[in-house]
1. Based on the Kirkwood radius over alpha-carbon pairs, what value in µm²/s does the Stokes-Einstein equation return for the translational diffusion coefficient of the stretch 1-158 at 37 °C and 0.692 mPa s?
2. For the chain, give the percent of accessible area contributed by carbon and sulfur heavy atoms, probe 1.4 Å, rounded to a whole number.
3. With runs of 4+ DSSP H residues as the only contributors, calculate the mean residue ellipticity of the chain at 222 nm using -39,500 (n - 2.57) per run, divided by the residue total and rounded to the nearest 500.
4. Scan around Gln52 for amide H atoms under 5 Å from its own, H built in the peptide plane at 1.01 Å from N, and keep only partners 5 or more places away or cross-chain.
5. Over the chain, with the other protein chains present, what is the accessible area per residue in square angstrom, probe 1.4 angstrom?
6. Over all distinct alpha-carbon pairs, what is the Kirkwood Rh of the stretch 167-219 in angstrom?
7. Could you state the per residue volume, in Å³, of the convex hull enclosing the Cα atoms of the stretch 145-252?
8. Give the peptides 83-96, 114-127, 198-211, 171-184 in descending order of average Cβ contacts within 10 Å, highest first.
Amino acid sequence: MKVIDAATAAESPEDVLWVGTSWKMNKGLADARAYIRGLTDYLSRTRLPGVQPFVIPSFTALTTARDELGSEATILLGVQNAHWDDAGAWTGEVSVAQAKDAGARIVEIGHSERREHFGETVETTRLKVSAALDHGLIPLLCIGESAEVKSAGKTSEFILEQAAGALSGLTAEQLGSVLIAYEPIWAIGEHGRPATVEEMLPPFADLGRQYGGSTRGLLYGGSVNVDNARDMLSIDHVTGLFVGRTAWQLRGYQQILEIAAAHPKANR
Ligand code: PGA
């Protein structure tokens, strides 16, 4: 296992643990700068074999984060959303092309908060996945079911449909660039609770059967913390973690990165 850099990430197979955070709508420029400065300093002193860190700031902090990273190529930056069209009359939107220009290497697509509050649909996720791939960026497709879907026993069917819709029409090579994050809605945020190992096994068995080995990685997200990260990573087919609140403080992110680097999966 090796740490990959931004230049080789696009070619790298599914052989690292992807451990990243989205800051959601948090952090002004000073906080963003301090966080990235702390992270680069930490990574210059710490070896994390087999782990690929990534950070997804708000649009406003992306170039600040990029400038602060400088030549530190082991951290990939992303955006939390991007429009599929390259340019045009889309007031308030930012295109994949613009995100790339500003330093993004990853495009988060279809987070449940965007599906719930901003009208993201399976079709718009498909358009965005395709645009990200056209620009050589890594789509990070988020999928996950609500508590209602889960209690109706329809989790697998629901998440496989979300994934199939967003990834339809891709070549095997394109699919090989995609990261999928399974994030059950009931597990996300301050009102969420982490999925148990028992709850994670069936969806990851299904995702593994469908996408294991053919995508760049299958991540778990939703209330990941320093107490559960190791168990989450131990689930079959899980090859990464997508972390919110725990990683908004640099120390929390560092701890999760260390847990991943110490995991047997990072040292295959
Ligand atoms: P959380 O967020 O870790 O704060 O639950 C996860 C996510 O929304 O990806």
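1. Numbers: Rh = 16.6 Å.
This corresponds to a translational diffusion coefficient of 197 µm²/s.
2. Working: 5890 of 11420 Å².
Carbon with sulfur: 52 percent of the solvent-accessible area.
3. Working: 12 runs with 112 residues, N = 268.
That calculation yields -12000 deg cm²/dmol at 222 nm.
4. Amide H to amide H, under 5 Å and 5 or more residues apart or across chains, Gln52 pairs with Leu17, Trp18, Val19.
5. Details: 11420 Å² over 268 residues.
Per residue, the chain has an accessible area of 43 Å².
6. Numbers: mean 1/r = 0.0815 Å⁻¹.
Value: 12.3 Å, from the Cα pair sum.
7. On the way: hull volume 10.8 nm³, N = 108.
That works out to 100 Å³ per residue.
8. Details: 83-96: 13.1, 114-127: 15.3, 198-211: 17.1, 171-184: 20.1.
Result, highest mean first: 171-184, 198-211, 114-127, 83-96.
The values are calculated or read from the model by the stated rules, or taken from the named source; none is laboratory data. Small disclaimer: the values here were computed from a predicted structure and weren't measured. Here the Cβ is made from the backbone with ideal geometry for all residues, glycine too, and neighbour counts use every protein chain on show. Heads up: the accessible areas ignore ligands, DNA and RNA and are worked out on the full protein's heavy atoms, side chains in. Shrake-Rupley method; radii C 1.70, N 1.55, O 1.52, S 1.80 Å.
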